[in-house]
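Structure record follows, encoded as structure tokens.
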Amino acid sequence: MILRRLLPPAAALAAALALTACASQPASLTSAPKPTWAFQQSDLPPDPAYRYGQLPNGMRFIIRKNATPAGTAQVRMDVATGSLDERESERGFAHFVEHMAFNGSTNVPEGEMIKLLERNGLSFGADTNAQTSFEQTLYMLDLPRNDAKLLDTALMLMRETASELKFDPQAVARERGVVLSELRDGQGWSRTNLEDQLAFFYPAATYPKRLPIGTVEALNAATADTLKAFWAREYVPSKTTLIVVGDFEPDAVEQAIRARFADWQPRPETPRPAEGKVDPKQKAKVDIHLDPSLSERVTASRHGPWADEPDTIANRRRNLLRQIGYGVVNRRLARLSRAIDPPFRGAGFGTSEVFKIGRTTNLIVDTVDGGWQRGFAAAAGVYARALTTGFTQPEIDEQLANIRTGLENAAAGADTRPHGALVGAALALIRDDQVPTTPESGLARFNQFAPTITPATVMAALLEEAVPLKDPLIRFQGRNAPKGGAEALRKTWVKATRAKAPAGEVPAPIPFAYTDFGPAGTVVSDIVEPLYRIRQVRFANNVRLNLKYTSLAKDRIDVRLNIDGGEMLDTRADPLATEMTGVLARGGLGKHSEDDLQTLLAGRSVAFGLGTSGDTFSTDAVTTPRDLALQLQLMTALLTDPGYRPEGEVLYRQNIANFFARLRSSPGAALANSIGGILSDNDPRFTLQDESAYTALTFATLRDRLADRLAHGAIEISIVGDIDEAAAIAMVARTLGALPPREPDFRPYPDQRQRRFTDQRGLRIVRHTGEANQAIVRYTWPTRDDSDLDDAMALTLLAEVAGIEVLDSVREKLGKAYSPGASSALSRVWTGYGTFTMNASVDLADVPATRAALEETARSLIAAPIDADILQRARAPLLERMANALKTNGGWSSLAERAQTQPDRLVRAKAARARLEKLTPADLQAVARRYLSPEKAVQVLVVPEGAAVP
């Protein structure tokens, strides 16, 4: 797997930008010796709960005892090598070596590593994985149990990867196909756009020419000897750090690490090749990149030198000020995007490091097609006015409130942080020299510094880092060229940034108006069910409340709300009745716009939204004890007074336009947008409609469809976590419990629950407009709903078995696909409906061989009982997941959310493990015979537009 560490140039668009940045590099020869750990040269006190160590061979380790979730652990091996360590002829080698870690070593024969882990309860992909980026390769094992033998197995496998890989030529040849399939799957308009973007902004840097996936030419030229040479050169103890976070005693972990790694022989590090440069003088150029799948975006950028700012108290304060400054600018941009007639869909402003060779300041603007000029000008004006006229104290206060709450929540929940958060802090130390401090100390430093923060100090810090966007580099991407071309882009920027219009004061919103819903409701029933001790409360108005106190996450509460209706309101005559539910919250409330709510709720841990989920409308949130009352008020307000403001409609239509522009832009998109109609014989409830049907939707229509259910539909809410049960009951009584009477039960909807699986079998062809060599092969069989637990567990286990078999045949033996798989989906909503699927994303030329492999897998499952070892490998991870399911609030919420209206869920959960354990190879063979005959499958091939069907 390839992990690209993305540097967000603007907080508002962090997930969208692909300007990559990475962590530390070796110090230059003229630098002072680098300390073993960054905190050794910092005034920040490191978290003492971590144990930091180094073996005589130079390998470092970090150990942290943690019991969230209890009885589990995470093991990580970070090797400070990635694609930037490759020479021109080695492009993609770091990633190829990562793949070879699973393909044979001194003590683990090829193909046995995954099998060994599966037998121990780890699923490939979910619990066993690896990532390659520009500067690091990370190997990951999630241990479902905290027994010493399993830990020793994990450390043994890490050591095998570090120093014992074999690189058998035949294994290399097989794995090459898998790596090339991963490269192929990543090709398309998004990859092409990324490559053009990097080449334009960073023409003198190395990293645009070192994307971790590599090149077809270099991967095809790779041999066992050249890959082994790269591995031997780069995998040395001094570049390796082992991290173990979990429910183990640190002394025992350290002893095990030393026993496994002490005899790994040290070798000198090879200097990294030159990384090129980021040119601060690069300016006043324009790039226009067009593709039918690209939504319109304009970016203005300038580069500056890299700022060497070690992690210290002073620099954290400086970065806090900058965070606030960027936050204020992005808040202004967000406010404009929520106007009734917004100039842009979204915009963001920020500055990011580019490795250690420079930094880049960006203003990014996303617009509707053809709207670039208005949007670019509006965002440029916001940027220019902010840097000219400064910030206001209310704007600073809003940012401070959000930051303070985040720090307070982190401090309150410090003792129950999950493994992943603690591993993340350890990785930040070894990659980015970020000192892992305690949440409590971070809050204390903030509280000491916050009173000194003013608009002036924020602006000074921002100007110190942000590179002035004078004569910027301007990049346009979209479907159609901008009218007037490069000259129009430049003129728009110049005119907008010279404008003298005032920033304008934003009036403060009225106080939150939804705190009183009438007299508190009366509890008429209060019991504790016997299986899981979930407290079940019912109010006089028929609202049901399910409560479960846990200590799994200190100061955290999960809230889930279900309201009768959901997709049951969609009919053949009106298949899009609930389509706009997902943007209901973007229309705000009757007395507050969405933008007002952002200000009013600053510093509060609440969430706001509603969606459709089968036969209910649902919403969920993670909040805190101090904000639980507000969270319930928000949920109740959305039910009783949704705003239906036009801003939400605008957002919906913008998204629909982009969605249809990319309808068939990749095999995955084409399949996802076609499969519902194929499997349902074009039942309009499950079939994509014409674009005009979606653009015709309005909030007025949505109000008509939802009003009755929001006002009268049965309600069930669960509250799980660090709760005071009596206080939670009182809060619900004053909100949902205070509403007028609701229907006493969720409606059965017998007619609406009917969903046919097509009678048509055989081959169906779907066309995509992506790369000419990309295809998907998918076989789907009809099964049943989930009402029978024995069948449900058998199909679940059979899917795990089929997944192992497909992975072995299509990926390992044929080398045709990166991530083939199998799955079972049994519906609780649609009567009698369920599917079993096998699929693989492959090269167009490999479609016949892949079809044959999938069909052979199905036939083999029918022809003979499952091999005992494969059955163990499939069953063990499922059993471990069951054992760990109730070690998080999320697991408890899944049980509690419908505990009163669907009590069979509790019975099933209690019985599931025993049912899974008793399944035999003959049982699975019988299920396969019942459902998986190849002739019963709907076979879908997704192939390029215009290509012959193989």
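Just so it is clear, none of the values below were taken in a lab; they were calculated from the coordinates. In this text, all values refer to a predicted model and were calculated from it rather than measured experimentally. Counting neighbours? That spans all protein chains shown, and the Cβs are built from the backbone with ideal geometry, glycine included.
Excluding residues fewer than 8 places away in the same chain, name every one of the aspartates and glutamates whose C-alpha is closer than 14 Å to that of LYS283. Partners found: ASP471. Gyration tensor over the Cα atoms of the stretch 524-568: the corresponding equivalent ellipsoid has semi-axes (square roots of 5 times the eigenvalues, largest first) of 22, 17, 10 Å. Between the residues GLY713, ASN884, PRO482, the greatest Cα displacement towards the positive end of the dipole of the chain, with unit charges on the Cβ of Lys, Arg, Asp and Glu, is found for PRO482.
For the stretch 53-261, the residue among ALA232, PHE201, PHE61 whose Cα projects farthest onto the positive side of the dipole built from Cβ charges is PHE61. Rg and Dmax of the stretch 28-171, based on Cα coordinates, read 17.2, 53 Å.
Is the shape of the chain rounded, prolate or oblate, going by the alpha carbon gyration tensor and its root eigenvalues a ≥ b ≥ c, with a/c under 1.5 for rounded and a/b larger than b/c for prolate? Rounded. Site pair ASP745 and LYS483 shows an inter-label distance of 6.2 nm when each label is modelled 7 Å from Cα along Cα→Cβ.
Computed from the C-beta positions of LEU290 and GLU935, the FRET efficiency with R₀ = 56 Å rounds to 0.75. If every alpha-carbon in the stretch 730-855 counts as one equal scatterer, what log10 I(q)/I(0) does Debye give at q = 0.15, 0.23 1/Å? Log10 of I(q)/I(0), two decimals: -0.82, -1.27.
Work out how much length SER89 to THR522 would gain on full extension: take 0.36 nm times their residue separation and subtract the Cα-Cα distance, in nm to one decimal.
Here the answer is 148.5 nm.
When a/c is below 1.5 the answer is rounded, else prolate if a/b is larger than b/c, else oblate, so apply that to the stretch 538-738 with a ≥ b ≥ c taken from the square roots of the Cα gyration tensor eigenvalues. Prolate.
Here the gap between ALA707 and ALA726, fully extended at 0.36 nm per residue and compared with their Cα-Cα distance, gives a gain of 3.7 nm. At an R0 of 22 angstrom, the distance between the Cβ atoms of GLU945 and THR192 translates into a FRET efficiency of 0.80. Take every DSSP beta bridge whose two residues both sit in the stretch 53-261; close to 75 percent of them are antiparallel. Cross-link check: pairs LYS548/LYS918; LYS209/LYS277; LYS115/LYS149; LYS115/LYS816; LYS65/LYS887 evaluated at a Cα-Cα cut-off of 23 Å; pairs beyond the cut-off: LYS548/LYS918.
Take MET635, MET459 and order them by how many other Cβ atoms sit within 10 Å, fewest up front. Walk me through the numbers on the way to the answer.
Numbers: MET635 27, MET459 20.
So the ranking, lowest neighbour count to highest, is MET459, MET635.
The calculated FRET efficiency for SER613 paired with ASP341, based on their beta-carbon distance and R0 = 30 Å, is about 0.40.
The residues GLU945, GLU812, when put in order of fewest to most other Cβ atoms within 10 Å, stand as GLU945, GLU812. When both the stretch 370-449 and the stretch 232-291 are represented by their alpha-carbon centers, they are found 26 Å apart. Taking every alpha-carbon pair in the stretch 53-261 and binning the separations at 10 Å intervals from zero gives 8, 33, 33, 19, 6, 0 percent. Phi angles of the stretch 74-83 translate, via the Karplus equation with coefficients 6.51, -1.76, 1.60 and θ = phi - 60°, into HN-Hα couplings of 10, 10, 10, 10, 9, 10, 7, 8, x, 5 Hz per residue; Gly and Pro are given as x. Between ASP681 and ASP415, the simple spin-label model (points 7 angstrom out along Cα→Cβ) gives 6.1 nm.
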